[in-house]
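Right, one structure below, let's go through it.
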Amino acid sequence: MDKDEDQYQPDTVAIRGGYQRSHESEHSEALFLTSSYVFENAEMAAKYFSNELQGNVYSRYTNPTVSTFEKRLAALEGAEQCVATASGMAAALSVIMALLQSGDHVVCSQDVFGSTRVMMDKYITKFGVQVTYVPLADLQAWQAAIQSNTKMMFCETPSNPLSEIADLEALSAIAKQADALFVVDNCFCTPVLQKPLLWGADIVLHSATKYIDGQGRCLGGAVLGSSDLMEQVVGFLRAAGPTMSPFNAWVFLKGLETLRIRMQAHSANANELANWLNAHPKVVKVFYAGLEDHPGHALALKQQSGFGGVVAFTVEGGRETAWAVIDSTRMLSLTANLGDAKTTIVHPATTTHGRLSEEARAAAGISDGLIRVAVGLEDIADIKADLELGLSAL
Ligand SMILES: *Cc1c(COP(=O)(O)O)cnc(C)c1O
């Protein structure tokens, strides 16, 4: 895009922002599949290496295809800067390694993504960073957990898989008062449905692996925020190396072009499925913030422009019956991935949340009768029919 990108609406930036091409005038973005770059002469090489001239030196530092992805996602999130990473977990790790040090304390919502929790409990604590877990929607618990050395508050909203909603504006205020950084994993909503930076968050994280790709092909992630903070994250990434592959960036660029219409379609399908399940005689309870009786419904209406694609529900009984429902479906993909055009189904207690202790699972509300569906883009009639097949096994 030649003109100043600020002149364009987000949908246009998602499709045309940060445009980079090779010398071939290709219309689709160029894939710069290269680890390094050549210089005209030795003097130029010295200037690039000393930062006297800005340019591509090595793809662990910068790559034009990755830069295009970063510019587009930054525009969509309304962030000053975006840094792409090798995976969603690499994004979380980079933020923690770059911005925390031994003696610091983190307050984290208890039902964050499973690997986030393992990373915090098993690895971050090894380096003298302390972590306290609180229920996502309990503002008093967040406030009470703040210590004099609290440097970061970390949450994921809506939560996986129960769709609990964090009050982003209130949590931002608590973080500000505590002089702590507020980090939000925005993977489930993407900037299409929710922009945490607008509610006062300091940093947004993404697993691009999910909705940004949208078709289950590549691993990737991103960190977004102010240039000052991102400079520190970039410093860690360049030194330590969990950067995004240019090939994956190229796939994600294509994902961003259709992200808005996909997120709206995921939300519409999920909303219809949640209401259908809610009225189903064999379903005990449905967890989806789009339902009016969900405790997070009003907050979701305030800070999200859609409720997203993840629906969870419980059936009578426990593991046996939940497994029977899952095993009796024929079309839905039994896989822990989400954010895919194909609808996926999974039993959280024995897969995504299987590594948690029984007490931690109970505290997070993950019962044995719980089933999670990440609603895809197939015809909703076929998704319902397949789940009907599953439920009729009971
Ligand atoms: C998948 C996921 C992650 C981790 O992302 P990877 O790309 O798998 O490393 C982090 N947070 C949430 C909410 C996720 O769903």
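Summing charges over neighbours of Gly55, with a neighbour being any other residue whose Cβ is under 12 Å away from its Cβ, gives -1 when K and R count +1 and D and E count -1.
With n ≥ 4 as the cut-off for DSSP H runs, can you work out [θ] at 222 nm for the chain, using -39500 (n - 2.57) per run divided by the number of residues, rounded to the nearest 500?
Dividing the helical sum by the residues of the chain leaves -11500 deg cm²/dmol.
Relative contact order for segment 18-69 using alpha-carbon pairs under 8 Å, separation at least 6, rounded to a whole percent? Could the numbers behind the result be given before it?
Details: 41 pairs, mean separation 22.5, N = 52.
Value for segment 18-69: 43 percent.
Taking a Cβ cut-off of under 12 Å around Cys82, the surrounding Lys, Arg, Asp and Glu residues balance to a net charge of -1, with basic ones at +1 and acidic ones at -1. Relative contact order for segment 5-257: 25 percent, from Cα pairs under 8 Å spaced at least 6 residues apart, divided by residue count. Averaging Cα coordinates gives a centre for segment 208-238 and one for segment 1-80; these two points are 15 Å apart. Radius of gyration over Kirkwood radius for segment 235-333, both on Cα atoms: the Rg/Rh ratio is 1.12. Between Val184, Val325, Val95, the GNM of the chain built on Cα springs shorter than 10 angstrom shows Val325 fluctuating the most.
Among DSSP bridges having both ends in segment 260-391, what percentage is antiparallel? Round to the nearest 5. List each step's numbers first, then the result.
Numbers: 12 of 14 bridges.
Looking only at bridges with both residues in segment 260-391, the antiparallel portion is about 85 percent.
Its relative contact order, with pairs defined as Cα atoms under 8 Å and 6+ residues apart, puts segment 260-391 at 29 percent. In plain terms, the bigger the Kirkwood radius, the slower the diffusion; for segment 260-391, with that radius from Cα pairs, at 25 °C and 0.890 mPa s, Stokes-Einstein puts D at 165 µm²/s.
Listed by Cβ neighbour count within 10 Å, with the fewest neighbours leading, Val129, Val346, Val57 appear as Val57, Val129, Val346. Which of these, Ser207, Ser94, Ser148, has the largest mean-square fluctuation under a Gaussian network model of the chain (Cα springs below 10 Å)? Residue with maximal mean-square fluctuation among Ser207, Ser94, Ser148: Ser148. Summarising the strand pairing of segment 5-257, around 40 percent of its internal DSSP beta bridges are antiparallel. The value obtained for the chain, namely the Cα convex hull volume divided by the number of residues, is 142 Å³ per residue.
Selection among His206, Ala166, Ser87 by position relative to the dipole of segment 5-257 gives Ser87 as farthest towards the positive end (Cβ unit charges, Cα centre).
Computed from the coordinates by the stated procedures, all read-outs in this text should not be read as laboratory data. Given the structure is predicted, the values throughout are model-derived calculations rather than measurements. Using ideal geometry, Cβ is built from the backbone for each residue, glycine included, and neighbour counts are taken over all protein chains shown.
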